[in-house]
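Input: a single structure, listed below in structure tokens.
Here, each number is a calculation from the coordinates, and none is a lab measurement. Please read these numbers as outputs of a predicted model, since none were measured by experiment. Here the Cβ is made from the backbone with ideal geometry for all residues, glycine too, and neighbour counts use every protein chain on show.
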Amino acid sequence: KKIVFSGAQPTGSLTMGNYIGAVKNWKELEEEHHCIYSIVDSHSLTVRQDPKAFKETCISFLVQYLACGLNPEKNIIYFQSHVPQHAELNWILGCNTYVGELGRMTQFKDKSEKHKDNINAGLFTYPVLMAADILLYRSNLVPVGDDQKQHLEITRDIAMRFNNLYGEVFPIPEIHTPKIGARIMSLQEPSKKMSKSDDNVNGTIYLMDSEDTILKKMKRAVTDSANHVAYNEEQPGVKNLITIYSSLTGLSIEEIVERYEGKGYGAFKVDTAEVVIEFLKPFKRRYDEYINNLDYVETIYKNGAKKAYELAEETMKVVRDRIGLLQK
Ligand code: AQP
């Protein structure tokens, strides 16, 4: 069995990109491995949050994780900030990470372009905290979307450097991305990834969107003038919709292309909306159940934090010792 770690930032609401790129794999992996799924609330602080709204979003995120079908009996689900060892290891690893390496991170460049008024130190050192998240549990496998490749690479570099300096402590984690859907694109700009915080909400399908909204967003999805359902680089909008269709139904790309042979985009878009709506029905049912049972939800994240804390402390005892900090 492997140790699997992943997480999502509680900002806005989970998107179809988050689900297809990451959460879908989390569900599959929890059947076989030791899985730890965090709601990485400390990461969200790199963007200024309204405190009251943020608390609500954090709870809503946990409920969305559960509504996606993640099973707290089979995994550990918890809030990152409830396990202070994340912050402790972040500091130690930060002292073993170079400013030059962090400066090369494309997400930092993109996000500092977007939040020009708040290019804070946390935004810059974000990949160190992410490395700490993963290495704290001595994880082997990290199921994420394609956009996290560079952060996984730096995590591996940091782990190797630490092991070389202080002796083997961390396994070198492997990235795990889906074969189809590792990067779901914006419905409005298919050259850009679908994102929670996109200013143009029409580009993003949120799992919490109503059926009407999903249908509207799909109908408006940017395609091209070929008017022929095909899976290729020249038709990125259509390719993206086929990817979503395939990921949610399990049908192959070929089967979908065949199904729409000789049909225009109108029917294809409406059917893709229908696929998403059907897929989200059990999600919404479970969401309503959990959101009306917040006492139970609280026991899940408290138990999760307790278990995560114990695992984290085991690693930290070794780390502190290796770098020469005295035990308490
Ligand atoms: N468009 C995407 N396609 C496939 N996977 C995606 N992920 C995100 N967007 C896509 C994966 O979802 C997981 C959680 O992401 P995150 O919460 O760490 O945030 P992010 O990568 O920064 O995603 P967003 O949606 O773009 O959030 P904002 O707008 O807040 O920055 C990760 O595994 C990610 O790869």
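Dipole size of the stretch 134-267 about its Cα centre, with +1 on Lys/Arg Cβ and -1 on Asp/Glu Cβ: approximately 240 debye, rounded to the nearest 20.
Of all complete DSSP H helices in the chain, those with a Cα span along the helix axis of 15 Å or greater and a mean Kyte-Doolittle hydropathy of 0.0 or more are 51-67, 121-136, 236-249. Using only side-chain charges placed at the Cβ, +1 for Lys and Arg and -1 for Asp and Glu, the dipole size of the chain relative to its Cα centre rounds to 540 debye.
Per-residue ellipticity at 222 nm computed for the chain from its helices equals -17000 deg cm²/dmol, with DSSP H segments shorter than 4 residues left out and the rest contributing -39,500 (n - 2.57). For the chain, the equivalent ellipsoid derived from the alpha-carbon gyration tensor has semi-axes of 36, 22, 19 Å in decreasing order.
The trypsin sites (Lys or Arg not before Pro) of the stretch 152-185 that DSSP puts in a loop, and whose beta carbon has at most 13 other beta carbons within 10 Å, are K179.
Considering only I39, G324, V297, and ranking their Cα positions along the charge dipole of the chain that arises from unit charges at the beta-carbon of Lys, Arg, Asp and Glu, the one farthest toward the positive end is G324.
Around L325, under 12 Å between beta carbons, what's the net of Lys plus Arg minus Asp minus Glu among the other residues? That sum, taken over residues with Cβ under 12 Å, equals +2.
Short-range pairs are left out: with C-alpha atoms under 8 Å and at least six residues apart, the relative contact order of the stretch 38-91 is 62 percent.
The dipole here belongs to the stretch 201-288: it is taken about the Cα centre, uses +1 on the Cβ of Lys and Arg and -1 on the Cβ of Asp and Glu, and is about 400 debye. Checked against a 26 Å cut-off, the cross-linked pairs K2/K193; K52/K116; K111/K317 give Cα-Cα distances beyond that limit for K2/K193; K111/K317.
Summary value for the chain: 23 percent relative contact order, contacts being C-alpha pairs under 8 angstrom separated by 6+ residues. Three principal axis extents of the stretch 201-288 based on alpha-carbon atoms, in descending order, are 41, 26, 20 Å.
Lysine pair count for the stretch 201-288 with Cα-Cα distance under 17 Å and sequence separation of 8 or more or different chains is 8.
For the stretch 234-274, the spherically averaged projection of the C-alpha convex hull amounts to 2.8 nm².
Arrange R48, R320 by Cβ neighbour counts within 10 Å, fewest through most, would you? Walk me through the intermediate numbers first.
Numbers: R48 11, R320 16.
With the fewest neighbours first, R48, R320 line up as R48, R320.
Remark: spin-label model distance A121-K109 equals 2.5 nm, labels positioned 7 Å along the Cα→Cβ axis.
Would you tally the net charge around K269, using a Cβ to Cβ cut-off of less than 13 Å, leaving K269 out, and scoring K and R as +1, D and E as -1? Net local charge, K269 excluded: +2.
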